[in-house]
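Notes for the one structure printed next.
Where a number appears in this text, it was derived from the coordinates with a stated rule and is not lab data. From a predicted model like this one, the values you see are computed outputs, not experimental measurements. Reconstructed Cβ throughout: ideal geometry from the backbone, glycine too, with neighbour counts over all protein chains shown.
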Amino acid sequence: MAEPWDNRHPTRALSGGPATRGPAQRVTTPIVPSGSIAGRSLAAVVAIMTFLAALTTGAATMVVSAASDWQSDVGREVTIQVRPVAGRDIDADVRAAVATAQAGAGIADVRAYTKAESEALVEPWLGSGLALGELPIPRMIVVKTVAGATPDFAALRKALAAKVPSASLDDHRGWIDRMRTMAETAVVAGIAILVLVIAVTVLSVTFATRGAMATNRPIVEVLHYVGATDGFVASQFQRHFLILGFKGGAIGGGGALALFGILGAASAWFDRTPGGEAASALFGSSTVGASGYLAILGQIVLMAAVTALTSRRIVDETLKEID
């Protein structure tokens, strides 16, 4: 007669010994072996998927952060160009444009570039050695706005047109819109890649779970015979795949965290070099920040949860077929 079911020892009836053995003599093993080749392969797949997802998340975070910094810097500045016109004194036009800009609401600072500074701005594009003084190079005026203020640029343009017809105002709205579009595209691409990674992980866990169920089907049938419930069997598989998913996620996510940490340290060192400040201003920071690290840690937990829940769903479906 079969021994009553004991949840403390799920494979007690499969230990091969008589039911009268003491607790020290029982050999208890998990339903699904933890060190199988299939299990290690699944952990490797989860690690690779988590690493790719973390790289995508980190890259998207850096793009969004850089775009936000650029928008903040560019959004606080507008430029006025005063073009040389025959019959007009350009220096007088520059002074009039500066006075008009300073009179506007929400303006923090106005700085007019000298003729030499304006020529230096176009020298990288035209090359050195040219007689730039003979060219009709516009004079630049940089206008900085008060933080949080929204000046009336339409009124400023109208005032400039009335007092300095050769002046034009550029509020860089086109650049800001492009940067916003770039950041939104990076976020959408990151979400799309994350969805694909989760889909691949679900498929991999599905095949691995079905393989494990097929391999251990005789054991599951014996467990049913000695009184194990479907919930107990499913929980054993779920626990097994949860551990695999967490191990794989920790390896992949940990690798991504280490990589971004190295990049951040290298960036901090490079910023102290002569060209580092210019590169940082052009390309933005190469660190993901606290939000990026938290997102990667969240992905590790997400991959483990996806692995466990997928295996539980497949096991429940398979147990219904066995029943």
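Points to keep in mind about this one:
- With the simple model of a label 7 Å out from the Cα in the direction of the Cβ, Asp316 to Arg180 spans 4.4 nm.
- Full extension of the segment from Ala189 to Ala44, taken as 0.36 nm per residue of separation minus the current Cα-Cα distance, would add 49.8 nm.
- Distance between the pseudo-spin-label points of Arg173 and Ala92 (7 Å out from Cα toward the beta carbon): 3.3 nm.
- The fewest-to-most ranking of Leu160, Leu294 by surrounding Cβ atoms within 10 Å reads Leu294, Leu160.
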